[in-house]
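What follows is a short report on a single structure.
The values are calculated or read from the model by the stated rules, or taken from the named source; none is laboratory data. It should be emphasised that the depicted structure is a prediction, and the values quoted were computed from it without experimental measurement. Cβ placement follows ideal geometry from the backbone for every residue including glycine, while neighbour counts extend to all protein chains displayed. Protein only, heavy atoms only, side chains kept; ligands, DNA and RNA dropped before computing areas. Shrake-Rupley method; radii C 1.70, N 1.55, O 1.52, S 1.80 Å.
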Amino acid sequence: MEIRITGLKKYYKSEGNIIKALDDVNLVIPSNRIFTLLGPSGCGKTTLLRSIVGLETPDEGEIQIGDTVVWSSKKKIFVPTEKRSLGMVFQTYAIWPHMNVFNNIAYPLQNQKIPRAEIEQRVRKVLEFVQLEGFEKRPATRLSGGQQQRVALARALVAKPKVILFDEPLSNLDAKLREETRKELRSFLTELEITAVYVTHDRVEALALSDNIGVMRNGRIVEIGDPKKIYFHAEHQFVADFIGRSNLIPAVVEKKDANGSIVRTDIGQFVCSQTDFDPQSKVVVCIRPEFVELVSADEPKPVNTVSGIVESMVFVGEVYESEIKVENTQVMVKFPATVDLSPGDPVQFSVRPEHCLLVTE
Amino acid sequence: MLFAAGGQEVKSESKTLEDKVTMYASITGIEPVIETFNSESGITAEVTRLSTANFVSTVLTEFAAGKLQADVLQAPLPVLEILKDQGVIKDYVSPIGETYPEWTRNNGGIYQFGIEYVALIYNTELVKAEDVPKRYEDICDPKWKGKIVMANPASHATTISWLVGLKENNVFGSEENWYAFLEGLAANSPMFVKSFGPTPAPIESGEMLIGISMPKYIITKAPAPLGWAHVEQPLFGSPRAIAITADSPHPNAAEAFMEFWLSDKTTGILSEQVGEYVLTPGVYPPIEGIKDADVRPIRDLSDEEIISWGAKFEKIFAAK
Amino acid sequence: MIKSQTRLTWVLIAILALLSLSPVIMLLIGSFSKGLVQIGDFTLDKYKAVYGDVSFYGVLGDTCVFVLCSALFSTVLALFLAYLNNRTDIPGKFLFKVISVVPMMIPHVLFAVSWGLLLNPSNGILNLIFKDVFRMSHSPMNIYSIGGMILVEGRLDLPIAYLIISPAMASFDVSLEESSRVSGAGNIKTLLRITLPLLRPAILAALILCIVRCLASFAVPSVLGMPANITVLATYIYKITTTGLIPDYGKAAATGMCILVLSISLIYVYRYLTRSSEKFITVSSRGFKPVVVKLKGARIPLFIILLILLFVLIILPVLVLLYTSLVPYSMVPSAKAFSMMNLNHWKSVFTDSISLVSLKNSLFLSLVGATLGTILSVFVSYVIVKVKTRSAGVLESLSFLSFSFPGIVIAIGFMWLFVRTPLYATIWALLIGYIATYLPYGIRPMTSAFIQIHSHLEESSKVCGASFLTTVKRIIVPLLVSGIVSGWVLMATMFFRELSLSVVLSRPGTETLAVMILKFSDDGLWGKLSALGIIMIAISTLMVVSANLIGNRFKPASD
């Protein structure tokens, strides 16, 4: 089911200042995909999610889920949360401690007055799905973090909603469990015909899990795209920086033709394969450390070769994280663990034109 | 010093009077007497009010631990007699006390000075003159149903003694009539309060119209619209008594206080300002008609008698 | 470090045992003693006399009805108010603070008396108004009935229930309710199936504490129950100690034992419940404000109900007191009554030397007693929460014991105890008795404050080389200020109106205000009683307000 959000605004007053939690958000969340709202804390992503669920009332705009307008300031429509037929997994899981696993999961079905036998059958099925068979009688207070997370998922899924929402559901798990659960979650969700809206501030989580990512900042959607587009072809400096570590070097476009453009920076000229900026426009070249290639002194120099002095080399296991001083600019790079360099050594490296990302400031 | 205990400093300048005296009293409203004593004698008298019910236990507990604070005790006669049996009372001979009527003295240091007289008290604004009871049994008339207040006859010792006193003095002519009086009273569902103290308030306010209470409230509660029913029968009450404690911390001041208490001046104040019925001949409280009333002391009931009569009264009044 | 904590634990155990066990032991010995006021000659006669008497069981039945209904009434009302305050958008939220704190400062005798004046069947002011307005021939309400007693007692215990339920409601993890809404349950269903069941430990705890307080309550049964000849355990004990000239305290103690045993068992059930509540009530990890339930159309009607409650709970009784203090004798309001108003009762209260002594004593007991009690509570709570040894568990059990003390019973134990010490008849006897009896009220808020302090805050200070005392001073105390303030306020207001112990232990020079109140009430001097009562309420209010102001200055600026 598609979710259509138009002109959504929500302002808070705090200590005399007006905080724009949602600042004219327009968004279409496609049907039966995993859509992630990504952004730093305070960007408005949770407010947006809670507005979709109906736990928060925006000031202006309209929210439409499928064919139903669930909230509209103009038409004065407000469908209460319980009538929106959604599923949601909370950050704290919100498992009811006074009930056992069965009753926790059966609750949404009981609210629909479904016969007991059917409830039992559906709870068993969903427990199987989240791989918690036989946990029906377990008191909710005796579940591990991962198990609670699965119960919360089962509860959100059991009523077969067309839309499921996730509010940072993995942030309370430890790193290893988080990675496993992420994978499982993706396979669960792709198996079902369901629209999933997922809120997180963790970029790796967003990249690994999503079909589409909407990056938010200061109450606005900055950019929307699939993980690869967001990672490789971000249009905004903020997005490029937020989605992964980057060297952001101010530049001016010198030339442009059908094959690419040439930009000038403080550390030299770069050839980029992008063609969407006109000559003389001010841009930022975004170079990710992992795309830098070492060039040895005796081989011919490829395009975009830069020389500098090694400032630091930190061994982090798989690679070296190094800082290179080029002119007066520091550039972060990653070198294979096999290279043999020490601070003070001269070094040359290159970046392929397709990895020189041009973004607006 | 402000918060130091009272009665702990012991001054023993042998012949001079101590500068204070402590009294435990069951009688209420005696502030005018104490003020006069303090200003005339230069001794500070401190009064702790103990209800009759707490009197014996408090005094005996303190006495047993050697911590009795009181120099002078004032309570109904039977209370002081129980304490005398326990050795709490000093066998003091009061020069003034010896001038009282014969029957009030010879109690081994205990002197009777008044009668805690009980009467039917009514609201003079709400009860018509022709409705005021002429005899005690008139309050058994159903017109008083739900309009009578009295101290709880199951537990209030003075009320129990008074009811028994009515029987023993054959006020109603026979024991059957006395029972009929009790049952008639019970049938009118009187409102019970803890003691005499709270009886006048509901009469004043009109919540109740009449009660078994004390005429002294006509004085102490003035200008409340209270009057007493001039019944044809006599009025009855427990004798009030006073004595000095055996181990009085301030023996000289205690004697001075005792003499002051029994003096005409004090009984005058008691009757004039507190409305008490005192035993000094010719002194009457300024309440209309009391001078001509026949006020009689009732027999002391023993503790066992009070408890067993209380239990009987409880049954009679619960059966309503 | 560990050693000093162990020593502290044992010192505190010794102090608490002395404070709370000794009067119970005295009482126990007394109940097995033959003598009427003395101890010795052991016998079971008192128990046989009490528990062999059939009428005792009738009293027990009435007591159950009175106690259970009153406690239920307070709890339901507290739940309603706490929900409105914490979870809805009802206007005028400051009123809740007034409703929850003020009834605690009104001496119960005064409250009971003013309800007698308002709702007695003959000429209670409200009854007269009802009769007039609805043209009824009979008074619609009779306060001298078990229903009337329940109504008044229930209101008096409301603050206790509210102070337990409201914080639980406020710290509730809202996502537990939100997830219910998402699961398709509306507000009412969520309230019934999620919120209330989750608050069950707090609700039961409030109920139990109210039951314990009702069992010990004396003012309401004596002022409102006795006129209708309704006897509950507290007045039954009173009857035993007042019938006859030599009261049988042994028998009273034997009767009191059943209240004590009942109370202690209930208190331990309460502790069990509050312990398991910690795992239930999880504080929301996010900075979200609890979602407010929009009352919409019900907002104004509910606000009006709140105002009516405020009026009935606080304003009306205080107005009645004010009126009573101004008229020369008890009278129904009328033109005549207003024309006769004067300040004589006030004058006599202010010129009465004993009233002034009692005011001084009560202020001293309240200020010094609450301060000493608070200091002791801080140490006890520290050990209970932070030192997890078996001896700390012993301390915790001890600290709860006096919660269950019915004042009227335990006062006798204290009298038997103190009369054997030089403290008897001094103000210190009262001070110690107060602290012993009301210590749990100081410990409770402090314990919850300590729980809030994360252990790592202390540890970080310790790692920095700070000594134990520096840890307490620099880290813990500032964080504890709110706990300290509420503990102090609770104790100070309770000490200021303490009656049951004072009436047994006070002697010339150590009278307290509540003793004066009782004296006035015994003598039927409602005018003076009301004047003094208003003075007490005014001073208590002043104490509460200034304590809160001082507390606010110590709190971190961010608060």
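Selection of region B:24-70 for residues being in contact (Cβ under 8 Å) with a residue 40 or more places away in the chain, of a type in the set (S, T, Y) and facing another protein chain (nearest Cβ under 10 Å) yields B:Y24, B:T28, B:S51, B:T52.
Within region B:87-99, one or more residues are free of Cβ contacts under 8 Å to residues at least 12 places away in the same chain and within 25 Å of B:L235 (Cβ to Cβ).
Here C:V485 passes the criteria (1) within 14 Å of another protein chain (Cβ to nearest Cβ); (2) modelled with pLDDT of 75 or more; (3) open to solvent by 20 Å² or more (accessible area, probe 1.4 Å) except the one numbered (1).
A search for C-beta distances below 8 Å between a residue of region B:210-232 that is closer than 19 Å to B:T267 by Cα and more than 9 Å from chain C (Cβ to nearest Cβ) and any residue that is of a type in the set (A, V, I, L, M) and crowded, with 24+ Cβ neighbours inside 10 Å, counting only pairs 6+ apart in sequence or on different chains, returns B:M214/B:V118; B:M214/B:A119; B:M214/B:I121; B:P215/B:A119; B:P215/B:I121; B:I218/B:I121; B:I218/B:L226.
I'm checking my understanding of the structure. Among residues of region B:167-178 that are without any contact (Cβ under 8 Å) to a residue 12 or more places away in the chain and open to solvent by 80 Å² or more (accessible area, probe 1.4 Å), which one is nearest to B:I298 (Cα to Cα)? Here the answer is B:N170. Tell me the residue from A:I262, A:I230 that is farther than 30 Å from A:I5 by Cα and either β-branched (V, I, T) or at pLDDT 90 or above (or both), please. Testing whether each residue is farther than 30 Å from A:I5 by Cα and either β-branched (V, I, T) or at pLDDT 90 or above (or both) leaves just A:I262.
Filter region C:399-412 down to the residues that are within 17 Å of C:I15 (Cα to Cα) and out of contact with any Ser or Thr (no Cβ under 6 Å at 6 or more places or on another chain), then identify the one that is surrounded by the fewest Cβ atoms within 10 Å (Cβ to Cβ). The qualifying residue surrounded by the fewest Cβ atoms within 10 Å (Cβ to Cβ) is C:F400. Kindly indicate whether C:V357 is surrounded by 17 or more Cβ atoms within 10 Å (Cβ to Cβ), in contact (Cβ under 8 Å) with a residue 60 or more places away in the chain and within 14 Å of chain B (Cβ to nearest Cβ). When the stated conditions are applied, C:V357 passes them. Only a single criterion out of (1) assigned to a helix (DSSP H, G or I); (2) open to solvent by less than 50 Å² (accessible area, probe 1.4 Å) is not satisfied by C:C64, namely (2).
Set side by side, the residues A:Q112, A:Q147 differ, and just one is within 14 Å of another protein chain (Cβ to nearest Cβ), out of contact with any Ser or Thr (no Cβ under 8 Å at 6 or more places or on another chain) and modelled with pLDDT under 90, which is A:Q112.
The set of residues from region A:85-110 being closer than 27 Å to A:V69 by Cα and either open to solvent by 20 Å² or more (accessible area, probe 1.4 Å) or part of a loop (DSSP other than H, G, I, E, B) (or both) comprises A:S85, A:L86, A:F90, A:Q91, A:Q110. Find the helices (runs of 4 or more DSSP H) located wholly in region B:223-320 whose residues include 3 or more that are small (G, A, S) and open to solvent by 10 Å² or more (accessible area, probe 1.4 Å), and list them. Where helices (runs of 4 or more DSSP H) fall fully within region B:223-320 and carry at least 3 residues being small (G, A, S) and open to solvent by 10 Å² or more (accessible area, probe 1.4 Å), they are B:303-318. All of C:L151, C:L126 fail the test of being surrounded by fewer than 22 Cβ atoms within 10 Å (Cβ to Cβ), under 23 Å from C:P301 (Cα atoms) and over 27 Å from the mean Cα position of the chain (by Cα), apart from C:L126.
Scanning region B:123-155 for residues that are away from every other protein chain (no Cβ under 14 Å) and either touching a helix residue (DSSP H, G or I) at 6+ places or on another chain (Cβ under 7 Å) or buried (at least 20 other Cβ atoms within 10 Å of the Cβ) (or both) returns B:P133, B:Y136, B:E137, B:I139, B:C140. Taken together, the residues in region A:266-293 that are within 31 Å of the chain's Cα centre (by Cα) and touching a residue at least 40 places away in the same chain (Cβ under 8 Å) amount to 19. Residue count for region A:144-156 satisfying the condition of being in a helix (DSSP H, G or I) and more than 22 Å from the chain's Cα centre (by Cα): 6.
Taking each residue of region A:164-182 that is within 21 Å of A:G39 (Cα to Cα) and in a loop (DSSP other than H, G, I, E, B) and looking for partners that are at pLDDT below 80 and of a type outside the set (A, V, I, L, M) with beta-carbon atoms closer than 9 Å, six or more apart or interchain, yields A:N172/C:S285. The single condition among (1) away from chain C (no Cβ under 14 Å); (2) open to solvent by less than 10 Å² (accessible area, probe 1.4 Å); (3) aliphatic (A, V, I, L, M) that B:I96 does not meet is (2).
Taking region C:73-91 as the range and being open to solvent by 10 Å² or more (accessible area, probe 1.4 Å) and over 15 Å from C:L196 (Cα atoms) as the test, the residues that pass are C:F73, C:N85, C:D89, C:P91.
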